[in-house]
Amino acid sequence: MFISLSEYARLHGKNPESARKRAARGGFQTARKEGRSWIIDSEEPYDDLRQHDAKEPDMDQLVWALPKTEQAAKPVFRAALFDELTPIYPDTDVRTGEDALTVSGANGTYVGVHIALSGLTPGIPVAFSVEGPHRAYKLFELIPVPVEVNTGAVLRSEYLKNDKNENVIRRAPFYIYEALKPIFNLARPQYTTAAFAFRTPIEYCRKKETASFTIKICHDGMCRTLTVQTMRYPVTVKPAAADSPQFVNWFDYENISLWHNAPMWSARYEEMLTRYLRTVRYLRQNIMAIPGNLLFTVMPDGSLRFEPQRLDLMLRAAKRAGITLFQGGAFCSRASSLADNDEFYASLDHDSFTSPEQIGEAFKRRAFDEFDYGTDAVFSLTGASMSSEQGQSQLKEALCTLYGYLRAHNLCDVWTQSCLDEPNDALCEVYHTISKITREAMPGIPILEPVLPTENVIGALDIWCPSLDIYEKNQAFFDKRVEEGDKLYVYSCLTPGGNYCNRLLDMERLRVVYLAWGMMKYPNIMGFLHWGANFTCGNNPFERQAAMFSEQVMEYHPKYANFLPAGDECILYPGFEQPLSSTRAEAHRIGFEDLELLRMLKQINPARADEIVSMLFTRFDCYEKSVKEYRRVRTLLLEAVCESK
């Protein structure tokens, strides 16, 4: 922790003026000037550099008397606390942290801090000991991931339009601490810096009270002590349930198998799936998305075979995790789905090219043209056109079979069904066809769809899910749909960029928190959806984040414009026998915990609830970015809920 040089001198019984002169000569390692005043790390020893006799000089002391340009580097082991919503990096200056932090929470919530270390000797263990009122806490090592390119000013990455997004936390490329790997009390750092997290639940609190944890961290014979003070409030946030604000992330179910050596549909796979579902429920997700394509096998003769045992397994895992709501994935997809493969490469007129850059430009033009202007869809399992009798018949067969299972297992009241992801104006005609077949095959099942801006699907769906920026720009239209009986979600993905709330890696973690606060600001929004729980586009997520879906091995012509922005694909990471949470996933949890508290206050004191929301959140692109101010207002929220009770 930095203190004034005068205070530092008094602590060591020295004359402040002598200390100032020494600092001006470069005699301290950490002293620096801020304005007209000197500050210094309180932990730096005050060594006496004078020689009192003719004995051999102490070089470890004399080195600091040399001009700074001649000083040899001498690591000083440092440790400091940072708010868990403050992004930190492997090169974060630990001296900007705190020796003590206070965090607040209600029963049923979790509070934590991040711990940054520097001056480490790689390979030498770091040991933790924690003293506090109980042992219900966890420690995590924070694993950094890359941000290769910044999010675009509008969408995707800056590669798309060669624009510069001024609303990022740091210019790319950089690494940021992200994944949370559980540890017990010992870690072996690989580098000279490292970061960790401490988290504890708030529970069994009967009155407002304070509880403190002392964290002692030792490394290579040196120890540092940090203090985490928890303010506990006697109001309870219940676990995520069917009546909680709705929240869903889509899973890549094959990745769970690949990452954990768990053959699909085996007993081991069921166990791993359960662990993933328990993790996301802890993060307050209360809906499980189930892709329809996983539930059927296409036989050699082209017929469909329903695999009810697969759905049985998924439902058992959901039940064990406490998830009781389900979203059926779309059976149909766009007919145009350009892939970066040999077929695309061979289709190009290479004789007309003068630069390798033209390969990427050709891919960009064709990919976006097919997405924006394609008018047909296919039944994904077989590739049959939905404009054909064959495609329509196969879709009806699959939906009728699934509906029979839902009725037999009393699931109709907890199931929504999707038809075709992100229909736009060009796809409206075929979307109405798919929707009609779905309504006839699954009567009473609501249709939920992520939609691009179009009014031409009115009547074809029941739950609209525009991106959050599209909702705000067309709020009157979507609110009118709610007035007429439809319902409303919002989503984010590779869009929106700029200053909008989203959960991409180069954005403030507070933006993720505010995704839930927006559902309080706009009461017609009943849920939030994101596609990327654990997708990776075939990459190691610890080594590659910004990428495209179909990038090939040994690719020398990357399609930069089509890159997904860093963080779009996943908020969970592969760990040993379990998924790893992330700083962004935890921010989601914090936001939805806040939303539960805001809803409690809204029932008792609506004006106060609205007032508190307005202190931090105006729109999805207008909100408070100060973590300190957020914490102050969140404490007001906790106080208000307790007073109202």
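Quick one: compute a quarter of the convex hull surface over the Cα atoms of segment 127-170 and quote it in nm².
Numbers: hull surface 22.8 nm².
Hull-based average projected area comes out at 5.7 nm².
Report in % the part of the accessible area of segment 491-645 that belongs to carbon and sulfur, leaving out ligands and nucleic acids; probe 1.4 Å. Provide the component values of the computation, followed by the final result.
Working: 2700 of 5060 Å².
Solvent-exposed carbon and sulfur of segment 491-645 make up 53 percent of the total.
Can you tally the net charge around residue 199? Count Lys and Arg as +1, Asp and Glu as -1, for every other residue whose Cβ sits under 12 Å from the Cβ of residue 199. Mind dumping the intermediate values first?
Numbers: positive: 138, 589; negative: 84, 586.
That sum, taken over residues with Cβ under 12 Å, equals 0.
How many times 2.2 N^0.38 Å is the alpha carbon radius of gyration of segment 112-194?
The value comes to 1.49.
Take the alpha carbon atoms of segment 566-611, find their radius of gyration, then divide it by 2.2 N^0.38 Å using N residues; give the quotient.
1.68
Show the residues, 5+ positions off or on another chain, whose built amide H is closer than 5 Å to the amide H of residue 532.
250
Cα convex hull of segment 603-645: how many Å³ per residue?
Cα-based convex hull of segment 603-645, divided per residue, equals 59 Å³.
Need one value: the accessible area of residue 479 in square angstrom, 1.4 angstrom probe, rounded to the nearest 10.
Probe radius 1.4 Å; accessible area of residue 479 about 30 Å².
Hey, could you get me the Stokes-Einstein D for segment 124-252, Kirkwood radius over alpha-carbon pairs, 37 °C and 0.692 mPa s, rounded to whole µm² s⁻¹?
Numbers: Rh = 18.7 Å.
D, rounded to a whole number, is 176 µm²/s.
Specify the longest stretch of the chain that does not include any exposed loop site, a site being one of the chymotrypsin sites (Phe, Trp or Tyr not before Pro) with a non-H, G, I, E, B DSSP assignment and at most 13 other Cβ atoms within 10 Å.
So the longest stretch without any such site is 354-555.
So, counting K/R as plus one and D/E as minus one, what does the shell of residues with Cβ under 15 Å around residue 553 add up to?
So the environment of residue 553 carries a net charge of -3.
Just the projected area, averaged over all directions, of the convex hull on the alpha carbon atoms of segment 419-567: how many nm²? Walk me through the numbers on the way to the answer.
Numbers: hull surface 43.1 nm².
Quarter of the Cα hull surface area: 10.8 nm².
Please state, as a whole number in µm²/s, the translational diffusion coefficient that the Stokes-Einstein equation yields for segment 75-149 at 20 °C and 1.002 mPa s, with Rh defined as the Kirkwood radius across alpha carbon pairs.
148
What net charge do the residues around residue 450 carry, taking every other residue with its C-beta under 9 Å from that of residue 450, with Lys and Arg at +1 and Asp and Glu at -1?
For residues surrounding residue 450, the net value is -3.
Taking only protein heavy atoms into account and a 1.4 Å probe, give the accessible area per residue of the chain in Å². It would help to have the intermediate numbers written out before the result.
Numbers: 28430 Å² over 645 residues.
Counting only protein heavy atoms, the per-residue value for the chain is 44 Å².
At a 1.4 Å probe radius, carbon and sulfur cover how many percent of the accessible area of segment 289-332?
Exposed carbon and sulfur together represent 57 percent of the surface.
What's the long-distance tail for segment 410-450, i.e. % of Cα pairs beyond 16 Å?
Of the Cα pairs, 35 percent sit more than 16 Å apart.
Which percent, to the nearest 5, of DSSP beta bridges fully inside the chain are antiparallel?
Within the chain, antiparallel bridges account for around 70 percent of the total.
Starting at the first residue of segment 472-478, write each ³J(HN,Hα) from the Karplus equation 6.51 cos²θ - 1.76 cosθ + 1.60 with θ = phi - 60°, in whole Hz, x for Gly and Pro.
Ordered by residue, 3J(HN,Hα) equals 5, 6, 10, 4, 4, 5, 5 Hz.
Segment 369-457: Rg/Rh from Cα coordinates, Kirkwood Rh?
Ratio of gyration radius to Kirkwood radius: 0.98.
Report ³J(HN,Hα) in whole Hz for each residue of segment 102-115, in order, from the Karplus equation J = 6.51 cos²θ - 1.76 cosθ + 1.60 where θ = phi - 60°; Gly and Pro get x.
10, 10, 10, x, 9, 3, x, 10, 10, 10, x, 9, 9, 10
To the nearest µm²/s, what D does Stokes-Einstein give for segment 515-614 at 25 °C and 0.890 mPa s, using the Kirkwood radius over alpha carbon pairs as Rh?
151
Would you mind telling me the share, in percent, of accessible area of segment 179-218 contributed by carbon and sulfur at probe 1.4 angstrom?
Exposed carbon and sulfur together represent 51 percent of the surface.
Residue 6 accessible area, nearest 10 Å², 1.4 Å probe?
For residue 6, the solvent-accessible surface is approximately 50 Å².
Placing one identical point scatterer on every Cα of segment 209-279 and ignoring solvent, what is log10 I(q)/I(0) from the Debye formula at q = 0.18, 0.25, 0.27, 0.28 Å⁻¹?
-0.81, -1.09, -1.20, -1.25
Restricting attention to segment 518-600, which GluC sites (Glu not before Pro) occupy a DSSP loop and are surrounded by at most 15 other Cβ atoms within 10 Å?
The qualifying sites are 543, 555, 577.
Could you give the C-alpha radius of gyration of the chain expressed as a fraction of 2.2 N^0.38 Å, taking N as the number of residues it contains?
Relative to the 2.2 N^0.38 Å estimate, the chain comes out at 1.09.
Per-residue HN-Hα couplings for segment 169-186, Karplus 6.51 cos²θ - 1.76 cosθ + 1.60 at θ = phi - 60°, whole Hz, x for Gly and Pro?
Karplus-based 3J(HN,Hα) across segment 169-186 equals 7, 6, 6, 6, x, 7, 9, 9, 5, 9, 7, 10, 9, x, 10, 9, 8, 8 Hz.
Hey, any idea what Rg/Rh is for segment 248-396, computing Rh the Kirkwood way over Cα pairs? Don't skip to the answer; put the middle values down first.
Values: Rg = 19.7 Å, Rh = 18.3 Å.
With Rh from the inverse mean 1/r over Cα pairs, Rg/Rh is 1.08.
Of 33/138; 238/473; 138/207; 216/238; 207/602; 181/238, which pairs sit farther than 29 Å apart, going by alpha carbon to alpha carbon?
Pairs exceeding 29 Å: 33/138; 238/473; 216/238.
Considering amide H positions built from the backbone, and no H for Pro or chain starts, which residues 5 or more places from residue 575, or on another chain, come under 5 Å of its amide H?
580
The values are calculated or read from the model by the stated rules, or taken from the named source; none is laboratory data. Values in this document were obtained by computation on a predicted structure and should not be read as measured data. Positions of Cβ are generated from backbone atoms using ideal geometry, with glycine treated the same way; all protein chains shown enter the neighbour counts. Only protein heavy atoms, including side chains, enter the accessible area calculation; ligands, DNA and RNA are left aside. Shrake-Rupley method; radii C 1.70, N 1.55, O 1.52, S 1.80 Å.
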